[in-house]
Amino acid sequence: MALPKLKADATSARLDALTLPKGAAWAVEARKAALERVTAMGLPSRRDEYWRYTDPSALVSVEAPSAALLTDDEAPVFGTVDRIRIVFVDGVFDADQSDPMIGTGIEIERLSDATAKDIHWARDLFGVLEARAQKPVERSLAALNTAFAADGVVIRAVAKVEKPVNLIYLHKSETSDAMLHNLVRVEAGAEMTLLENGPAAARFSKLLEVDVSDGAAFHHVRIQGRDHQRRAVTHTFARLGQQSRFKSFTLTANGVLTRNECVIELTGDDASAHVAGAAVGDGTDFLHDDTVFITHDAVGCESRQVFKKVLRNGATGVFQGKILVKPGAQKTDGYQISQSLLLDDDCQFLAKPELEIYADDVACSHGSTSGAIDETAMFYLQSRGIPKREATDLLVLAFLAEALEEVEDLRLTEDLRGRLEGWLARRRR
Amino acid sequence: MLEIKGLQVKLEAEDKQILKGLSLSIGAGEVHAIMGPNGSGKSTLSYVLAGREGYEVTCGTAELNGADLLGMEPEDRAAAGLFLAFQYPVEIPGVGNMTFLRTALNAQRKSRGEEELSAAAFLKQVREKAKTLKIDAEMLKRAVNVGFSGGEKKRNEILQMAMLEPRMCILDETDSGLDVDAMKLVAEGVNALRSAGRSFLVITHYQRLLDHIAPDVVHIMADGRIIKTGGPELALEIENNGYADILAEVA
Ligand SMILES: Nc1ncnc2c1ncn2[C@@H]1O[C@H](COP(=O)(O)OP(=O)(O)O)[C@@H](O)[C@H]1O
Ligand SMILES: [Mg+2]
């Protein structure tokens, strides 16, 4: 079927401005296939069902809209944790600021190095999960990333890895337009933690493909940068083997546009996937969108989605979350909650929770709420001498707590909580 | 300490008069009790004094040590030394009891220009005071009042009072829903705080609590007014004869 003219034009305008990176034959092939997917699907527009609440035009346009740089004196994110730091500045790897890519039980490489090799395990993963995730919902921006992202990291964990890998995305140019593509394979029985933080660029497209093998565990914690005008679209694609565990938590503050898509396929029995997000936004030009799709395709799996947004001064929150239980995926335990706390009347929360179930012995529940601060709780706190703004912050943190609890490493929880408290307190001054 | 004159209050939402010209004067170090049938406006009085929204004061004044209470934000009233032990303590999921207590204490100290209490000093104080109220460490760790039994909630109110050291304490039916042992604990907690510089207004339905917290003055409240004031013997009279006689007397 031919694409509508507007969509076809917008797509070819964007594609004309990009060049396919060079590499080994398999990588070039994978990129060409991804490019074909983009051409066939076309880049998204507001008219697409999946983009009804979020206008993708700034993510599709040829030029990236510029974004002012944020300057503050905040302590480095995850600074208290011993970790392997890998730094990208406006999407370009910076060896000087990075640690050596060496760790016990873990192999780390740049994507550009891996895709230059004729034989590499990454071949089985690069663009593979992205391509699988194009059905039943098209994600052409993800295919665009596979085709054109020239760099990123490729990680293979072969044991229980102590040190987290921390990808740090610095934003130094007001007009930068960056794409990064990361691959992670956690081998059977292995375990690792991936940390990500930073705004990365004025416009950032980031894709992560994660293969969690049987009995393996993958932990993911990220903080998206606070630069007010930055725009980001991120995709996380994960495939989970038997008795494996996947846990991802994202904290977002500021940014005019954030679309975080997460697509998880539970393919082995008794696997568990948790995805959580906490977002705080201020102002009419803030939009934060969590779009999640979890497919249960094995027996006895558990999935849990916990998304919380705190919105003020006309900010917008979007949640589209789906649990698909395939035939035969018995004993599925699926949970989904999306909630927003509206600190002003003019904020909006648009939620589309969906369940699609083709097995009979399952327990799935979902809920979505939006509401203001609880007046009774507020009065109780004030009556004990806590000023209204401080009381609001306490209640905001309380509201976000269920999402933060999804982070297992208490050092990280503390960092996240402290940072949130700091951001909230800063506004009070 | 607390001086209320001709207080008239109606609900903002509906045009309903609740307090109909209430006057009350509590001196420093005194313990006053208010007794009265359900619906006479006792909780409304305590909420209006503490600064809850939803009420309109149409007439009258309320002063705490000469300061106009009614013009202040709730948190400023607290910092000025007013404390209300709620009839129905509020559950706040996600806010830890300790965080809550410490934030409250330090906010009050800050607004009075005092240093914040260190974490260690705070911890020591809470532990000591919690122990006398038989509040265990596990309860302190939980979210504010979440999963607390009725009695635990009331003891938690008294713990807050003990930590915040207010000058004017209002206890709204702190005895309701308590068994004899729990009531003794609560009464002991209150009695331990009695001092020359601290006053109490004990709202209660029954004489029971007043056996343990001996009041200096007893007021009978009905239909938004104080209809009779006397000594501790007034409470006994209510206990023996109910409210009917007194209500008939003033009617
Ligand atoms: N928020 C409210 N909405 C409607 N009626 C109220 C409200 N608060 C109090 N009232 C009414 O005001 C009267 C006094 O209530 P209250 O102060 O709770 O009495 P007491 O504590 O003496 O039992 C009652 O008739 C009660 O129904
Ligand atoms: Mg009452």
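The values are calculated or read from the model by the stated rules, or taken from the named source; none is laboratory data. Keep in mind it's a predicted model, so treat the numbers as computed, not measured. Counting neighbours? That spans all protein chains shown, and the Cβs are built from the backbone with ideal geometry, glycine included.
Just a few scattered comments:
- Looking only at residues of region A:275-292 that are within 22 Å of A:Y50 (Cα to Cα) and surrounded by fewer than 21 Cβ atoms within 10 Å (Cβ to Cβ), we find that the one that is nearest to the chain's Cα centre (by Cα) is A:D285.
- Remark: B:S40 falls outside the filter, which requires a residue to be within 14 Å of chain A (Cβ to nearest Cβ), within 9 Å of ligand 1 (Cβ to nearest atom) and surrounded by 15 or more Cβ atoms within 10 Å (Cβ to Cβ).
- In region A:36-45, the condition of being in contact with a Pro (Cβ under 7 Å, 6 or more places away or on another chain) and free of Cβ contacts under 8 Å to residues at least 60 places away in the same chain is met by at least one residue.
- Just one residue in the set B:L84, B:L101, B:L171, B:L105 is touching a residue at least 24 places away in the same chain (Cβ under 8 Å), of a type in the set (A, V, I, L, M), buried (at least 22 other Cβ atoms within 10 Å of the Cβ) and more than 13 Å from every other protein chain (Cβ to nearest Cβ); that residue is B:L171.
- Selection of region B:121-168 for residues being surrounded by fewer than 17 Cβ atoms within 10 Å (Cβ to Cβ), at pLDDT 90 or above and within 19 Å of the chain's Cα centre (by Cα) yields only B:E165.
- Residue check, B:V95 farther than 21 Å from B:L171 by Cα and either of a type in the set (D, E, K, R) or away from ligand 1 (no atom under 14 Å from the Cβ) (or both): yes
- Residues in region B:144-166 that are farther than 21 Å from B:Q207 by Cα, of a type outside the set (A, V, I, L, M, F, W, C) and within 13 Å of chain A (Cβ to nearest Cβ): B:N145, B:K153, B:N156, B:Q160, B:E165, B:P166.
- Of everything listed in (1) crowded, with 24+ Cβ neighbours inside 10 Å; (2) modelled with pLDDT of 95 or more; (3) not small (G, A, S), the single unmet condition for A:I223 is (1).
- The set of residues from region B:196-206 being away from ligand 2 (no atom under 16 Å from the Cβ) and surrounded by 19 or more Cβ atoms within 10 Å (Cβ to Cβ) comprises B:R198, B:S199, B:F200.
Per-residue answers, yes or no, for (1) farther than 20 Å from B:S23 by Cβ; (2) out of contact with any Cys (no Cβ under 6 Å at 6 or more places or on another chain); (3) part of a helix (DSSP H, G or I):
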| site | (1), (2), (3) |
| --- | --- |
| B:Y206 | yes, yes, no |
| B:L209 | yes, yes, yes |
| B:P215 | no, yes, no |
| B:V218 | no, yes, no |
| B:M221 | no, yes, no |
| B:T229 | no, yes, no |
| B:I238 | yes, yes, yes |
| B:A248 | yes, yes, yes |
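- Counted residues, region A:120-173 - those being part of a loop (DSSP other than H, G, I, E, B), of a type in the set (D, E) and buried (at least 17 other Cβ atoms within 10 Å of the Cβ): 1
- Flag if A:V396 is away from chain B (no Cβ under 14 Å) and at pLDDT 95 or above: no
- Residue count for region A:315-342, restricted to those that are touching a strand residue (DSSP E or B) at 6+ places or on another chain (Cβ under 8 Å) and either at pLDDT below 95 or charged (D, E, K, R) (or both): 3.
- Positions within region A:378-389 being touching a residue at least 12 places away in the same chain (Cβ under 8 Å) and either buried (at least 21 other Cβ atoms within 10 Å of the Cβ) or of a type in the set (F, W, Y) (or both), in sequence order: A:M378, A:L381
- Residues in region B:53-81 that are within 16 Å of ligand 1 (Cβ to nearest atom) and within 9 Å of chain A (Cβ to nearest Cβ): B:E53, B:G54.
- Counting only helices (runs of 4 or more DSSP H) that sit wholly inside region A:1-102, those with at least 2 residues that are acidic (D, E) are A:5-16, A:25-41.
- Test: residue in region B:240-250 that is within 17 Å of B:P89 (Cα to Cα) and free of Cβ contacts under 8 Å to residues at least 60 places away in the same chain: no
- Taken over region B:1-16, the criterion of being part of a strand (DSSP E or B) and either within 14 Å of another protein chain (Cβ to nearest Cβ) or more than 10 Å from ligand 1 (Cβ to nearest atom) (or both) is satisfied by B:L2, B:E3, B:I4, B:K5, B:G6, B:L7, B:Q8.
- Unique residue being within 16 Å of the chain's Cα centre (by Cα) and acidic (D, E) when the list is B:E14, B:E91, B:E56, B:E75: B:E75
- Per-region count, region A:100-112, residues of a type in the set (D, E, K, R) and either closer than 27 Å to A:R203 by Cβ or at pLDDT below 95 (or both): 2
- Hits in region A:360-377 (condition: more than 17 Å from A:Q320 (Cβ to Cβ), within 14 Å of another protein chain (Cβ to nearest Cβ) and in a strand (DSSP E or B)): A:G371
- Note on region B:159-182: among residues that are of a type in the set (S, T, N, Q) and assigned to a loop (DSSP other than H, G, I, E, B), the one that is farthest from ligand 1 (Cβ to nearest atom) is B:T174.
- Any chance A:D285 is farther than 23 Å from A:M378 by Cβ, outside any strand (DSSP E or B) and not hydrophobic (A, V, I, L, M, F, W, C): yes
- Qualifying residue in region B:183-195 (condition: more than 14 Å from chain A (Cβ to nearest Cβ), more than 16 Å from the chain's Cα centre (by Cα), away from ligand 2 (no atom under 16 Å from the Cβ) and part of a helix (DSSP H, G or I)): yes
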